[in-house]
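Shown next, in structure tokens, is the structure this report addresses.
The values are calculated or read from the model by the stated rules, or taken from the named source; none is laboratory data. Bear in mind the structure is a predicted one, so any value in this text is a computation, not a measurement. When we count neighbours, we look across all protein chains shown, and the Cβ atoms used for this are built from the backbone with ideal geometry, even at glycine. Heavy atoms of the whole protein, side chains included, go into the accessibility calculation; ligands, DNA and RNA do not. Shrake-Rupley method; radii C 1.70, N 1.55, O 1.52, S 1.80 Å.
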Amino acid sequence: MSVKVNIGMILYNDDKYLSESIESLLAQTYRHFKLIILDDCSTDNSENIALEYSSKDDRIVYLVNKRRNGLAINYKITFRRFAEEVEYFMWVAGHDIYHPRWLETMVKSLDGNPEAVMAYSLTRRISETGEDLNLRCPHYHSLGQNVIERIKSICFNARGYGNMIYGLFRIRDVRKVGGVRRCLLPDMLLLHKLSLRGGFIQVNE
């Protein structure tokens, strides 16, 4: 089966958590993806870790910026360069851990709901030693709403943009709204524009 999902990991000095994060992605039950790691000029051991994994698994591509760009520009770079010839795209962080069925569940959610523009999962905050901090992802789900309802909903009810931006996006819709802009709060702007085109699915897991 051909690759259906590209995953962009924006990396900066995450060597303490990077191996565990990559391992959790490679352990996904849904395997038809490419992982693009964009290193924003890390000064720790992140490069060696990423290169070791990319040498073992041909689904991983490792790139390094010539200078530090920051999050907004890196969102833009990873989407612009790696959203070709696949249906879905997502961003991930090099310090997060992903459940083995995380990607499979979201792909199924978008495959089964063509009117949705993105799907994202529930999340748990953990400490640097992996302890549950008992902080949960806010509830926000807009599938089934019409465009007026979605506008009102995202303006007055949406919380947790930092969770939603790590969801799975339908590429055609991100392109239709102009992609990621270099601006203050680019994740919030992108999500608000996408709400004009379709619903958001919060996977209840």
| query | Pairs under 8 Å by beta carbon, first residue touching a residue at least 60 places away in the same chain (Cβ under 8 Å) and part of a loop (DSSP other than H, G, I, E, B) in the range 85-102, partner buried (at least 18 other Cβ atoms within 10 Å of the Cβ) and of a type in the set (Lys, Arg), six or more apart or different chains? | reply | Glu87/Arg170
| request: Please work out which residue is nearest to Gly8 (Cα to Cα), limiting yourself to the range 66-83 and to residues that are part of a helix (DSSP H, G or I) and out of contact with any Lys or Arg (no Cβ under 8 Å at 6 or more places or on another chain). | output: Thr78
| message | I'd like the residue in the range 179-192 that is in a helix (DSSP H, G or I) and touching a Lys or Arg at 6+ places or on another chain (Cβ under 9 Å) and, out of all such residues, is most open to solvent (accessible area, probe 1.4 Å). | response | Leu189
| What pairs come up if the first residue lies in the range 110-127 and is among the aromatic types (Phe, Trp, Tyr), the second is in a loop (DSSP other than H, G, I, E, B) and open to solvent by 50 Å² or more (accessible area, probe 1.4 Å), and their beta carbons are under 7 Å apart, counting only those six or more places apart or on different chains? | Tyr120/Tyr166
| request: Check whether at least one residue in the range 167-178 is free of Cβ contacts under 8 Å to residues at least 60 places away in the same chain, crowded, with 16+ Cβ neighbours inside 10 Å and within 14 Å of Arg197 (Cβ to Cβ), and report yes or no. | output: yes
